[in-house]
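A.B. asks: Can you read through this structure? Questions will come right after.
The values are calculated or read from the model by the stated rules, or taken from the named source; none is laboratory data. Note that this is a predicted model, so its numbers are computed, not measured. Glycine gets a Cβ as well: all are built from the backbone with ideal geometry, and neighbour counts include every protein chain shown. Just the protein is used for accessible areas: all its heavy atoms, side chains included, with ligands, DNA and RNA removed. Shrake-Rupley method; radii C 1.70, N 1.55, O 1.52, S 1.80 Å.
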Amino acid sequence: MMNHHIKIYAKASFVSEEIREKIKCGCDGLEFHLQNDFLRKGSCFETCYLQELFTMYNVEVVHVPFYKKGQVMNMEHVFQHRDLSPIRNVFRLAQYCADIWKHRVLVVIHTSLSFFDFMEFELFRSHLEQELQRLFDEFPMTDLAIENVVPMEYQASGNESPRLCNGTFTDIVNIVSYLRERFGERVGSVLDICHAAMTEKYMNVLLAASDFLPHSHVPQHLDYSMEHYFHINKEICKLIHFNDFTGNGYMQNHGTVFQDQKKVAALVELYKKYHYECPLTLEIQEKDYRDCVNYRQTKTMLANCFK
C-alpha cells in the first residue's frame with residue numbers, strides 16, 4: 001500500500017509470469033481480467049488453470065471475460081441468455097478467491113444500456129434482478145460493480161459498422177442507484193478514467209456540431225467533464241480504473257500510460273476533493289507484461305502526487 005492509503009491494484013491475466021512481475025512492481029491486490037478461454041474453461045477453472053494463479057497473491061477483483069473479437073460481456077447480453085453459466089462461473093471464481101483470501105471480491109461488468117432502456121426493458125430488468133439475487137445468495141462474499149463504457153465500439157477489421165453505446169455517463173449512475181434500492185451496497189460503479197475521457201472527447205465534438213443543443217451554460221446531464229464524472233459517482237464508486245488514452249482512444253491507443261504528471265495530479269485532486277476512498281486498478285497496456293514499465297511509471301507518478 002502506498003503511504004497515502006490509496007490501495008493500488010494491478011490488472012493481470014492467468015499468466016504466472018505476469019502476476020509475479022506485478023507483485024515485484026508492488027500492488028495491494030490483483031484484478032483478474034478474464035479472457036475468451038474462460039468461457040470454455042470456467043466450469044472447471046479449479047483444475048483447468050494452475051492453482052497458483054489463485055493462491056500466489058491477493059485477489060480483489062474479477063472482470064468478466066472478453067469475447068474472441070475483444071468485445072466485453074455486457075450485462076444486458078449475458079443476463080438475457082438462457083444459459084447463465086458464463087456469468088455464474090465468474091461469480092463462482094470470485095467466491096473461490098474470496099474463500100482463499102478471506103475477504104469480499106468484486107465482480108466488474110459493463111453495460112451499454114441507457115437508463116431509459118433499462119427501465120423500459122421490463123422483462124430483462126425483472127430477470128436481471130431475479131438472477132442477481134440468486135448469484136448473491138449462492139456466492140455471499142461477492143459484490144457487483146458496473147463500469148462506464150465508451151460511446152462507440154468498432155472492430156479493427158472494419159468488417160462491421162461501429163456500434164453506438166449508451167452506459168457512458170449518468171446512465172450507469174442511475175442504473176446502479178436503482179439496483180442499490182434492492183441490493184444495497186453489494187452493487188456499485190466502476191469509474192474508468194480512460195472511458196470517461198474518451199466520452200468527454202467524442203461527446204464534446206457531437207455537442208459542438210449540434211445546433212439544437214445548448215453550447216453555453218451546459219446543463220448537468222450534458223456536462224461530460226471529468227470533474228462531473230467524479231461528482232456523480234462519489235457515493236457509489238467501488239473502484240477506479242486508472243489509465244489514459246492517446247489519439248482516437250481505440251485498440252493500441254486505449255488504456256495507455258499517462259505521459260503528463262499534471263494530468264495525474266489533477267485526477268488525484270478530484271479523488272481528494274470528492275472524498276473517494278476506493279482502490280485504483282492501474283489498467284495499463286504493456287508491450288511486454290513480463291516487464292511492466294508502464295505500470296511502474298504510473299505508480300511512480302501517483303506517488304509523486306503525495307510527496
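A.B. asks: Tell me, which residue of region 96-132 that is open to solvent by 60 Å² or more (accessible area, probe 1.4 Å) and charged (D, E, K, R) is nearest to GLN80 (Cα to Cα)?
C.D. replies: Applying the filter and picking the extreme gives GLU122.
A.B. asks: Something else now. With the requirement that a residue be in contact with a Phe, Trp or Tyr (Cβ under 8 Å, 6 or more places away or on another chain) and more than 13 Å from ILE240 (Cα to Cα), what does region 265-296 give you?
C.D. replies: Once the filter is applied, which keeps residues that are in contact with a Phe, Trp or Tyr (Cβ under 8 Å, 6 or more places away or on another chain) and more than 13 Å from ILE240 (Cα to Cα), region 265-296 yields LYS273, TYR274, GLU286.
A.B. asks: Look at region 252-274 and say how many of its residues are within 20 Å of ASN304 (Cβ to Cβ), of a type outside the set (A, V, I, L, M, F, W, C), open to solvent by less than 40 Å² (accessible area, probe 1.4 Å) and in a helix (DSSP H, G or I).
C.D. replies: Final tally of qualifying residues: 1.
A.B. asks: Restrict the check to region 38-51 and report whether at least one residue is touching a strand residue (DSSP E or B) at 6+ places or on another chain (Cβ under 8 Å), over 16 Å from ILE284 (Cβ atoms) and modelled with pLDDT of 95 or more.
C.D. replies: Step one: list which residues in region 38-51 are touching a strand residue (DSSP E or B) at 6+ places or on another chain (Cβ under 8 Å), which gives none.
Scanning region 38-51, I find no residue that is touching a strand residue (DSSP E or B) at 6+ places or on another chain (Cβ under 8 Å), over 16 Å from ILE284 (Cβ atoms) and modelled with pLDDT of 95 or more, so the answer is no.
A.B. asks: Moving on to the next point. When you check LYS41 against the structure, is it surrounded by fewer than 20 Cβ atoms within 10 Å (Cβ to Cβ) and more than 21 Å from ARG92 (Cα to Cα), yes or no?
C.D. replies: The answer is no for LYS41.
A.B. asks: Being at positive phi and hydrophobic (A, V, I, L, M, F, W, C) is the filter here; which residues of region 235-256 pass it?
C.D. replies: Answer for region 235-256, where residues must be at positive phi and hydrophobic (A, V, I, L, M, F, W, C): just MET251.
A.B. asks: Out of PHE91, PHE124, PHE118, I need the residue that is touching a Phe, Trp or Tyr at 6+ places or on another chain (Cβ under 6 Å) and among the aromatic types (Phe, Trp, Tyr). Which one?
C.D. replies: PHE91
A.B. asks: OK, next. Restricting attention to region 136-147, report how many residues are assigned to a helix (DSSP H, G or I) and open to solvent by 10 Å² or more (accessible area, probe 1.4 Å).
C.D. replies: From region 136-147, those assigned to a helix (DSSP H, G or I) are 136-138; that's our starting set.
Applying the additional criterion that residues be open to solvent by 10 Å² or more (accessible area, probe 1.4 Å) yields 137-138.
Here the count works out to 2.
A.B. asks: For GLN80, all conditions in the list (1) open to solvent by less than 60 Å² (accessible area, probe 1.4 Å); (2) modelled with pLDDT under 95; (3) not hydroxyl-bearing (Ser, Thr, Tyr) hold save one; what is the number of the exception?
C.D. replies: (1)
A.B. asks: Kindly indicate whether GLU76 is closer than 17 Å to ALA145 by Cα, among the charged types (D, E, K, R) and either in contact with a strand residue (DSSP E or B) (Cβ under 6 Å, 6 or more places away or on another chain) or not in a helix (DSSP H, G or I) (or both).
C.D. replies: no
A.B. asks: Of the conditions (1) open to solvent by less than 20 Å² (accessible area, probe 1.4 Å); (2) over 19 Å from the mean Cα position of the chain (by Cα), VAL205 satisfies every one except a single condition; which number is it?
C.D. replies: Of everything listed in (1) open to solvent by less than 20 Å² (accessible area, probe 1.4 Å); (2) over 19 Å from the mean Cα position of the chain (by Cα), VAL205 misses just condition (1).
A.B. asks: Name the single residue, out of those in region 53-65 being among the hydrophobic types (A, V, I, L, M, F, W, C) and surrounded by 17 or more Cβ atoms within 10 Å (Cβ to Cβ), that is farthest from ILE175 (Cα to Cα).
C.D. replies: Ranking the qualifying residues of region 53-65, first place goes to LEU53.
A.B. asks: Can you tell me which of (1) loosely packed, with under 14 Cβ neighbours inside 10 Å; (2) not in a loop (DSSP other than H, G, I, E, B) is the one GLU277 doesn't meet?
C.D. replies: (2)
A.B. asks: Taking the options GLU200, GLU235, GLU227, name whichever one is farther than 21 Å from GLN285 by Cβ, part of a helix (DSSP H, G or I) and modelled with pLDDT of 80 or more.
C.D. replies: Criteria check complete, one pass: GLU227.
A.B. asks: Can you tell me which residues in region 83-95 are open to solvent by less than 40 Å² (accessible area, probe 1.4 Å), assigned to a helix (DSSP H, G or I) and either among the aromatic types (Phe, Trp, Tyr) or free of Cβ contacts under 8 Å to residues at least 60 places away in the same chain (or both)?
C.D. replies: PRO86, ILE87, ASN89, VAL90, PHE91, ALA94, GLN95, listed by residue number.
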